[in-house]
Amino acid sequence: MDVLDCIDEAVTSQELQVEKPDIMMFSIVLSRLNCKPENAIMVGDDIIRDINGANKAGMTAVLLTKYKKTVSADEYKSYYAIKSLNELLKILE
């Protein structure tokens, strides 16, 4: 997908010894990037691990729905839903 130039930090659960949606996973990445949660966007395809975890950490959450159905925003905090990464540019504007 030719996105490696856009990635500033990548971590694994194995490296951190913690898994999403644990807030520590998000907090460590934010700390490494010296970034406040309100200035960060989490893009993921798992409503519980990615979206719920990002919401708990105070980040903007974007659900990639290419292979999944969205769920009601009432069930979780608010999030954006996109079908492809190309749609992410609209959110960033």
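The values are calculated or read from the model by the stated rules, or taken from the named source; none is laboratory data. For clarity, every value in this text was computed on a predicted model and none was experimentally measured. Heads up, the Cβs are rebuilt from the backbone with ideal geometry, glycines too, and the neighbour counts pull from every protein chain shown.
All conditions in (1) at pLDDT below 90; (2) touching a Gly at 6+ places or on another chain (Cβ under 7 Å) hold for LEU16, with the sole exception of (2).
For the stretch 22-61, the candidate set comprises residues that are part of a strand (DSSP E or B) and touching an Asp or Glu at 6+ places or on another chain (Cβ under 9 Å); within that set, the residue that is surrounded by the most Cβ atoms within 10 Å (Cβ to Cβ) is ALA61.
Out of (1) in a loop (DSSP other than H, G, I, E, B); (2) among the hydrophobic types (A, V, I, L, M, F, W, C); (3) under 17 Å from LEU63 (Cβ atoms), what's the single condition that is false for ALA10? Tallying (1) in a loop (DSSP other than H, G, I, E, B); (2) among the hydrophobic types (A, V, I, L, M, F, W, C); (3) under 17 Å from LEU63 (Cβ atoms), ALA10 fails exactly one: (3).
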